[in-house]
Each structure stands twice: as structure tokens, then as C-alpha cells.
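Below: the structure, in C-alpha cells.
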Amino acid sequence: MVRAIEASGTEMVTVAVRRVDLDRTKEEGILYHLDPDRFFLLPNTAGCHPAEDAARYARAGRGAGISDWVKLEVIGDQRTLLPDVQATLEAARVLVAEGFHVLAYTNEDVVTALRLEDAGCAAVMPLASPIGSGLGLVNPYFIREINRRRERSNILSCMS
């Protein structure tokens, strides 16, 4: 995996905090092999629900020395893996208040994007389509609208 990461030329690696051993001293763990001086490691709360779990795993990533930046994902439906908007907003407010730089994964709703911006998120990442669906960009109108709003404010946005 490390050779593939190096070959890609990436500078950032997302780390699903729930799914990896955070002990960097264990050779069998991925964090042992990822040099934090070479790669920016971004903790990710993938698979978390409810908001309290997402906040707990973000804190665990920071506590393990990974980063105070976090890709916040709070899943609302286990089948479709669609985000829980209310829980994402709740977790974002808590984590921003604790000094995290929150990159929030959410649906393509403009109002939600604006609320996440108001909550202090460093970036809002609206989904293009449900995770793993292969559908491509399902709702281009609202993605464009979020980007138009971004152009008029300090919000950063990217599709995940």
C-alpha cells in the first residue's frame, strides 16, 4: 500500500480512525509505515453514528498525534451510507468548538452546506452520489449552487 501511495504522488492520506490501529509502534499497522513528515494524515470518522461517536473518534485521531484536521462523516443509513445531516451539524459544532479543522461530508443540500459553514467548518464536501453506487453526479444543479455560494463566501467545497 505504501508503494502505491508513493507512486500516486499524493501528499495526503485519509485514515479511517475506527478501522486502524492507532499505535504507530506496531509494524503490522498502516500508521507504522506512513511517515507523517512525508504525508499529511487526515483522520476520518468513516462509518460513525451518532454524532458522539464521530466526535470521539476525531478526538482519538488527535490524541494519537495524527492531526487536528478531520474529515467528518456521520452516517445516517447503513445501507446507502448517506450522511445524517443533523448529526453531522451537531458533531461539527462540537469539534469546531474544540479547535478542530472540520471537513464535513454531507448531502448536496444548499441549506445544510450554509449551516456547516456557519458552524465553522473549513470545508463542506457534498456527495456527488451515494458511496459505492457508481452513479456519478446525481444532482449537478445543487452541486453547482453550493459552488456558486462558495464563490461568494469563505466556504471551500469539493465533491467526495
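Just a few scattered comments:
- Take every pair of alpha-carbon atoms less than 8 Å apart whose residues are at least six positions apart; their mean separation over the length of the range 1-158 yields a relative contact order of 15 percent.
- Full extension of the chain segment joining Asp77 with Glu27 gains 14.6 nm, where the gain is 0.36 nm per residue of separation less the Cα-Cα distance.
- Distance from the range 100-138 to the range 14-46 (C-alpha centre basis), Å: 24
- The range 10-126 shape via C-alpha gyration tensor axes, a/c threshold 1.5: prolate
- Sorting the segments 104-114, 5-15, 35-45 by their mean number of nearby beta carbons within 10 angstrom, highest to lowest, gives 104-114, 35-45, 5-15.
- In the chain, helices alone account for a calculated mean residue ellipticity at 222 nm of -10500 deg cm²/dmol, with every DSSP H run of four or more residues adding -39,500 (n - 2.57).
- Phi-derived couplings, Karplus 6.51 cos²θ - 1.76 cosθ + 1.60 at θ = phi - 60°, listed residue by residue for the range 105-115: 8, 8, 7, 8, 7, 4, 4, 4, 4, 5, 5 Hz, with x used for Gly and Pro.
Bear in mind that the values in this text are calculations on the coordinates, not laboratory data. Predicted, not measured: the structure shown is a model, and the values here were computed from it. Backbone-built Cβ (ideal geometry, glycine too); neighbour counts: all protein chains shown.
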